[in-house]
Amino acid sequence: MAFPGDGTRRETTIIEGPAGTDGSPDTPLPRDLVAAARAAARVEVFTGAGMSADSGLDTFRDANTGIWSNVDPQAMASIDSWARDPEPMWAWYLWRGTLARRAEPNAGHVAVARWGEREDTDVHVTTQNIDDLHERGGSASVAHLHGSLYAFRCSICEKPAAQPEFPTEAAERLAPPSCSLCGNPVRPGVVWFGEALPERDWARAEESMGSADFVVIVGTSGVVTPAANLPHLAAEKGTPILEISPADTALTPLATWSWRTTAAAGLPRLLSALDG
């Protein structure tokens with residue numbers, strides 16, 4: 001696996017945006033970007049928390065609004081914390097599930113799904129998000145690297161468990177149900193710090209990233225590994241990479257183009273350019 005500085009760093013073209021917010025006319029996207037995206041038969045879309053931010057869900061690492069800003073990550077995302085006292089974690093994840101279910105897919109989610117409906121174009125999504133907004137937005141091929149808020153299993157024997165009823169308001173503590181097979185607590189089907197990523201989803205993501213002829217990175221800081229290592233597979237092969245992010249990230253040096261916009265603003269405009 002390659003890392004920045006070992007041959008994958010590129011000369012990145014910065015595209016200012018979001019287009020038109022200052023009252024100026026929209027600046028056309030670079031011709032080589034549109035040509036590369038239009039010619040692509042296999043597109044890999046790699047998304048992080050910024051993809052869902054336009055749906056009203058907090059990102060993880062924003063200093064003021066990030067989901068960890070008022071919560072200790074180790075207290076809510078480690079198997080040791082779960083073993084000591086699962087009730088605060090169970091309540092927190094169920095409430096996150098409620099908030100994610102109340103959110104609606106944004107224009108970026110819908111644009112990715114529409115791109116996948118184009119003739120002769122196979123679009124695969126690899127997401128670090130644990131919501132279901134890509135699926136609800138219409139995407140059919142999605143790998144969840146960090147699990148899902150809507151999958152549950154036993155914390156010991158890993159038997160799949162039924163989806164519980166989600167709360168209508170936040171609570172500090174809720175008791176998780178017991179596994180129907182072994183009686184141990186049922187846990188959220190998300191990946192906590194130090195746990196391995198789901199093998200099947202990781203394999204799908206590796207294959208798709210390695211075989212893509214165009215990659216779009218949307219809304220990820222690029223600092224959470226091993227997920228953040230995946231774009232290096234495409235960079236090593238010289239695959240054109242478009243990053244959509246309001247600011248520089250750890251993955252910007254891998255990008256062919258880095259567009260200073262958001263998922264909901266940029267992805268529909270890119271799709272419109274392909275149809276132009």
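Bear in mind that the values in this text are calculations on the coordinates, not laboratory data. Treat the numbers as computed from the prediction; the structure is a model and nothing was measured. Please note: Cβ atoms are built from the backbone with ideal geometry, for glycine as well, and neighbour counts cover all protein chains shown.
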### Query
Across all directions of projection, what mean area in square nanometres is found for the Cα convex hull of the stretch 217-276?
4.2 nm²
### Query
Computed over the Cα atoms of the chain, what is the convex hull's projected area averaged over all directions, in nm²?
15.2 nm²
### Query
With a Cα-only, solvent-free Debye model of the stretch 152-276, what are the log10 I(q)/I(0) values at q = 0.15 Å⁻¹?
-0.87
### Task
With the convex hull built on the Cα atoms of the stretch 89-171, state its orientation-averaged projected area in nm².
6.4 nm²
### Efficiency of FRET between Asp32 and Thr225 - r from beta-carbon atoms, R0 35 angstrom, step 0.05
0.70
### Message
Assuming 0.36 nm per residue, please report the length gained on full extension of the stretch Asp120 to Glu104 beyond their Cα-Cα distance.
### Response
2.9 nm
### Query
How big is the stretch 136-221 on each of its three principal axes, counting only the C-alpha atoms and giving the largest first in Å?
47, 30, 25
### Nearest-0.05 FRET efficiency for Glu165 and Glu87, computed from C-beta distance (R0 22 Å)
0.85
### Task
Give the calculated FRET efficiency between Lys237 and Ser178 to the nearest 0.05, with a Förster radius of 41 Å applied to their Cβ-Cβ distance.
0.30
